[in-house]
Amino acid sequence: MKVLAPPGGMIGVLGGGQLGRMLAMAAARLGIRAHIYAPDEEAPAYDVADQVTRAPYDDRAALAAFAASVGAVTTEFENVPAQTLAILNEGVPVRPGARAVAIAQDRMLEKDFLNRVGAPTAPYRKVDSLEDLKKALAELGTPAILKTRRFGYDGKGQVRITSPEEAASAFAEMKGAQAILEGFAPFVREVSLVAARGADGEIRAYDLAENRHEAGILRESRVPVRGGAEISAVAFDMARRILEGLEYVGVMGIEFFALGDGRLLVNEIAPRVHNTGHWTIEACAVSQFEQQIRAVAGWPLGDPSRHADAVMTNLIGHEADSWAEYARQPNTAVHLYGKTEARPGRKMGHVTRVLRV
């Protein structure tokens with residue numbers, strides 16, 4: 001396995017958000033420098049990066065100079081244009097690759113791929129017109145969720161349909177975007193798995209986390225999962241199928257619906273470090289962020305074993321203003337992302353409470 005970024009080397013990160021910030025911090029612990037590439041004038045990752053390039057994702061000259069400065073490139077968010085990754089890959093290894101990112105960017109392609117490799121999902125139908133939607137509702141029934149195929153996150157770009165009469169108004173909310181209708185999954189809870197695959201094909205996974213959402217935004221992730229032993233092996237097998245099917249290198253977050261009968265359905269995959277894995281910073285010797293740097297840099301994967309129970313809670317909007325209160329609490333780690341403006345629904349930081357050591 002070729003080492004692409006030894007100590008003293010540099011990793012390129014596309015995107016300047018909080019995930020890029022935490023990747024740069026994890027790289028620094030290993031003696032690796034981070035070069036952040038993003039179009040934003042200001043971004044959280046810039047504060048902790050060794051180098052910053054501010055340029056559009058389609059600027060070939062800037063991308064070429066960026067590629068020449070690093071040993072490998074990764075991304076902190078899945079909506080970076082797949083063409084950008086393809087351009088960069090002409091001059092430097094990109095992990096994960098353009099194919100994996102392109103599949104994760106399109107909910108239809110994603111679900112087709114998942115079912116093809118044996119990772120089942122809720123039933124779904126392609127929706128390009130109002131007639132498509134009416135037919136899909138007749139086949140899948142209600143309730144159902146209509147989602148844009150691309151660019152939806154934290155509950156955005158989707159609408160719940162409770163009766164066929166709502167078809168026209170729901171379709172109008174898509175504003176002409178290609179869409180997908182997902183049938184109802186009778187889940188009792190949501191769980192997620194953060195797993196990594198190295199360039200040598202080794203796969204290592206963290207413990208399952210149980211997640212709670214509010215208004216479509218992750219509120220809390222907790223480990224361990226109640227009754228996790230029964231579903232962990234199933235989740236890991238699905239993760240292996242997904243990672244190998246994509247010839248993936250790096251960390252991936254996989255969200256599941258856990259049904260009442262014990263089955264798991266994949267909700268979605270994220271080709272990057274994942275919000276539901278933030279607890280690994282305090283509860284594991286090797287966090288998901290270090291694991292990503294290791295995989296991208298060509299290092300051996302680290303031990304993902306959990307040494308403590310933990311609860312991670314997102315700080316959303318002005319909740320981060322109470323940072324001093326959180327800082328006083330025992331067994332609590334405070335992470336603030338350096339964002340200058342608190343807005344409703346915006347993730348400003350998180351806290352992790354270690355419950356048992």
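Bear in mind these aren't lab numbers, they're just calculated from the coordinates by the rules spelled out. Quick caveat, the model's predicted, so the values are computed rather than measured. Because the Cβ atoms are built from the backbone with ideal geometry, glycine has one as well, and the counts that use them run over all protein chains shown.
Can you list the residues, at least 5 places off or on another chain, whose amide H is less than 5 Å from the amide H of residue 72, using H built in the peptide plane?
The answer is 12.
Which FRET efficiency, nearest 0.05, do residue 1 and residue 165 yield, Cβ-Cβ r, R0 56 Å?
0.45
Run through region 126-173 and list the chymotrypsin sites (Phe, Trp or Tyr not before Pro) located in a DSSP loop whose Cβ has at most 14 other Cβ atoms within 10 Å. Numbers along the way, then the final one.
Working: sites: 151, 153, 171; in loops: 151, 153.
Qualifying residues, ordered by number: 151, 153.
Arrange 261, 321 by Cβ neighbour counts within 10 Å, fewest through most, would you?
Working: 261 7, 321 11.
Lowest to highest Cβ neighbour count: 261, 321.
Can you give the FRET efficiency to the nearest 0.05 for residue 356 and residue 325, using r as the Cβ-Cβ distance and R₀ = 22 Å?
The pair residue 356/residue 325 has a calculated efficiency of 0.45.
Rounded to whole Å, give me the distance from the Cα center of region 181-250 to that of region 282-320.
Taking the Cα centre of region 282-320 as reference, the centre of region 181-250 is 14 Å away.
Would you mind ranking 232, 129 so that the residue whose beta carbon has the fewest other beta carbons within 10 Å leads the list?
Details: 232 17, 129 10.
Taking fewest neighbouring Cβ atoms as first place, the list is 129, 232.
Quick one: dipole size for region 46-182, taken about the Cα centre, charges +1 on Lys/Arg Cβ and -1 on Asp/Glu Cβ, in debye to the nearest 20.
Values: 17 positive and 19 negative charges, 57 e Å.
With Lys and Arg at +1 and Asp and Glu at -1, about 280 debye.
Can you tell which of 61, 45, 119 shows the greatest fluctuation in a Gaussian network model of the chain with Cα springs below 10 Å?
So, out of 61, 45, 119, the one fluctuating most is 61.
Return the lysines within reach of residue 111: Cα separation strictly under 21 angstrom, same-chain partners fewer than 8 residues apart disregarded; answer none if there are no such residues.
List returned: 126, 134, 135, 147, 156.
Checking the a/c ratio against 1.5 first, then a/b against b/c, what shape does the Cα gyration tensor give for region 10-105? If you can, show how the numbers build up before the last one.
Working: a/c = 1.38, a/b = 1.37, b/c = 1.01.
Rounded, since a/c falls under 1.5.
Say each of residue 346 and residue 139 gets a label point 7 Å from the Cα, pointing the same way as Cα to Cβ; how far apart are those two points in nm?
Calculated label separation equals 4.1 nm.
Between 85, 259, 137, which gets the highest mean-square fluctuation from a Gaussian network model of the chain, Cα cutoff 10 Å?
Among 85, 259, 137, the largest GNM mean-square fluctuation belongs to 259.
Could you check which residue among 92, 296, 249 shows the biggest mean-square fluctuation in a GNM of the chain with a 10 Å Cα cutoff?
Its mean-square fluctuation being the largest, the pick is 92.
Any idea how far the Cα center of region 1-51 sits from the one of region 107-174, in Å?
Using only Cα atoms, the two centres lie 36 Å from each other.
What is the Cα convex hull volume of the chain when expressed per residue in Å³? Don't skip to the end; give the middle numbers.
Working: hull volume 48.5 nm³, N = 357.
Here the figure is 136 Å³ per residue.
If you stretched the chain out fully between residue 202 and residue 215, how much longer would it get, using 0.36 nm times the residue separation minus the C-alpha to C-alpha distance? Can you show the working numbers first?
Working: separation 13, 0.36 × 13 = 4.68 nm, distance 3.67 nm.
My answer for the length gained is 1.0 nm.
What ranking do 309, 207, 200 get, fewest neighbouring Cβ atoms within 10 angstrom at the top? Mind dumping the intermediate values first?
Numbers: 309 16, 207 22, 200 12.
Listing 309, 207, 200 from fewest to most nearby Cβ atoms yields 200, 309, 207.
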